[in-house]
1. Give the number of residues within segment B:90-110 that are within 23 Å of residue A:43 (Cα to Cα) and more than 9 Å from chain A (Cβ to nearest Cβ).
2. Just to check your reading of the model, which residue among A:104, A:115 is of a type outside the set (A, V, I, L, M), within 27 Å of residue B:100 (Cα to Cα) and open to solvent by 30 Å² or more (accessible area, probe 1.4 Å)?
3. Scan (1) hydrophobic (A, V, I, L, M, F, W, C); (2) under 22 Å from residue A:183 (Cα atoms); (3) in a loop (DSSP other than H, G, I, E, B) for the single condition residue A:68 breaks and write down its number.
4. If I filter segment B:59-82 down to residues being open to solvent by less than 20 Å² (accessible area, probe 1.4 Å) and closer than 25 Å to residue A:34 by Cα, which single residue comes out as nearest to the chain's Cα centre (by Cα)?
5. Tell me, yes or no, whether segment B:47-58 has at least one residue that is among the basic types (Lys, Arg) and open to solvent by 70 Å² or more (accessible area, probe 1.4 Å).
6. What number of residues in segment B:111-138 are under 15 Å from residue A:103 (Cα atoms) and more than 14 Å from every other protein chain (Cβ to nearest Cβ)?
7. Here is a list: A:34, A:29, A:49. Which entry is under 10 Å from the mean Cα position of the chain (by Cα) and within 11 Å of chain B (Cβ to nearest Cβ)?
Amino acid sequence: MKNRIILPILAAAIPLAGGGCGTNAHYIQTGGSQSVVTIGQINIQDYIQAASSMTSELLASGVLDRVANPPAILAISRIVNNTGQQVDTDLLTKKIRVAVLQSGKALTTTTMGLGGTAEDPMAKGLQQENDFKSDVQNTRTPDFTLSGKIIQLAVKAGDTSQSTYSFQLSLTDARTGLAVWEGEKEITKQGTRSSVGF
Amino acid sequence: MKTGIFLTLAGALLLAVSGCSNSMNSVENAQKSGQRQMIADQRAVTDTGLAGKVSVVGVNSAMTSGGFLKVQIELLNTTRSLQRFSYHFEWFEANGMQLTTLTPAEIPDEIQGGEDKFISSVAPTPACKDFRVKFIEN
């Protein structure tokens with residue numbers, strides 16, 4: 001009698017318990033507290049946090065206001081990747097560019113880049129054409145350049161791994177070649193395995 | 001014999017519990033030079049557990065030289081153990097509209113037992129006049 005009651009209940013409970021172990025694909029907020037956290041990689045929330053922190057510092061410093069003809073013009077220089085992984089540095093710099101543009105304090109040039117390469121070659125061509133036609137150079141040279149480095153420092157103690165990612169940025173005055181603002185954001189993650197959520 | 005085992009276990013438990021405690025001491029100058037501009041805050045608490053452990057002591061604000069609103073929040077861990085939480089700032093323009101174009105940074109943070117610490121942020125544009133900070137326990 002007992003078996004007749006208990007067995008069906010157990011049989012029904014096992015698939016339910018098993019089903020609870022996995023999660024169906026679903027949307028989460030980018031960089032939100034339900035994001036996957038891995039120790040050996042830079043996660044999207046790390047880029048968002050680093051960019052947000054350094055943008056706040058940059059805007060609060062007021063250096064972008066110290067130009068003769070505001071808003072300041074910003075050119076993106078080299079961001080060195082010294083981590084053990086392939087990194088698209090735009091994940092960091094684009095967020096900063098968007099933020100400074102929205103702040104109204106700076107504009108980023110897309111026609112001047114490292115080694116003479118333009119982010120937007122068509123815009124560069126049109127700009128040169130306009131300068132040639134008008135016989136006057138309308139192009140504003142950048143007031144500042146933004147350069148930086150991403151460094152990873154990994155250590156291990158027993159089963160516990162720890163990675164520190166250091167995001168470093170320098171804003172250089174293009175006229176003087178002096179760094180007028182420098183920012184650093186360090187993010188450290190520790191654990192024995194990857195996890196979902198902070 | 002049984003009492004001996006019980007006492008050993010009780011001692012081990014006490015050691016384990018005291019090992020988890022991670023309270024913090026601090027010292028600061030008594031005569032403050034700076035004056036914080038405290039602002040009246042409005043709170044919505046749905047996680048009483050977190051609010052009981054990590055309480056908001058006060059909120060102050062200032063304007064940066066570039067005209068950005070800077071907000072600083074003082075937090076106090078009322079427990080004797082480390083607490084982990086995340087927070088993010090939301091910013092609002094003068095007409096009350098939230099600035100949603102940037103992905104908000106969810107910032108994981110921790111506070112030691114008994115620690116009093118500050119978190120702060122700067123508004124993304126000079127047009128931002130109001131703010132809201134959301135906390136979630138990790």
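1. The first filter runs over segment B:90-110 and keeps only residues within 23 Å of residue A:43 (Cα to Cα), leaving B:90, B:100-110.
If we keep only those that are more than 9 Å from chain A (Cβ to nearest Cβ) as well, we get B:90, B:100, B:109-110.
Qualifying residue count for the region: 4.
2. Details: A:115 fails: within 27 Å of residue B:100 (Cα to Cα).
None of the others qualify; the one that does is A:104.
3. Of (1) hydrophobic (A, V, I, L, M, F, W, C); (2) under 22 Å from residue A:183 (Cα atoms); (3) in a loop (DSSP other than H, G, I, E, B), only one is false for residue A:68: (2).
4. B:75
5. In the first step, residues of segment B:47-58 are kept if they are among the basic types (Lys, Arg); the result is B:53.
Adding the requirement that they be open to solvent by 70 Å² or more (accessible area, probe 1.4 Å) leaves none.
No: zero hits.
6. Pass one, segment B:111-138, residues under 15 Å from residue A:103 (Cα atoms): B:121-129.
Pick out the ones that are also more than 14 Å from every other protein chain (Cβ to nearest Cβ) and you get B:129.
Result for segment B:111-138: 1.
7. On the way: A:34 fails: under 10 Å from the mean Cα position of the chain (by Cα); A:29 fails: under 10 Å from the mean Cα position of the chain (by Cα).
The conditions single out A:49.
This table checks each residue for (1) at pLDDT below 95; (2) over 12 Å from the mean Cα position of the chain (by Cα).
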| residue | (1), (2) |
| --- | --- |
| B:86 | no, no |
| B:92 | no, yes |
| B:101 | yes, yes |
| B:104 | yes, yes |
| B:111 | no, no |
| B:115 | no, no |
| B:127 | yes, yes |
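The values are calculated or read from the model by the stated rules, or taken from the named source; none is laboratory data. Computed from a predicted structure; not experimentally measured. As a convention, Cβ positions derive from the backbone with ideal geometry for all residues, glycine included, and neighbour counts pool all protein chains shown. Ligands, DNA and RNA are stripped out before the accessible areas are found, and what is left, the full protein with its side chains, is counted by its heavy atoms. Shrake-Rupley method; radii C 1.70, N 1.55, O 1.52, S 1.80 Å.
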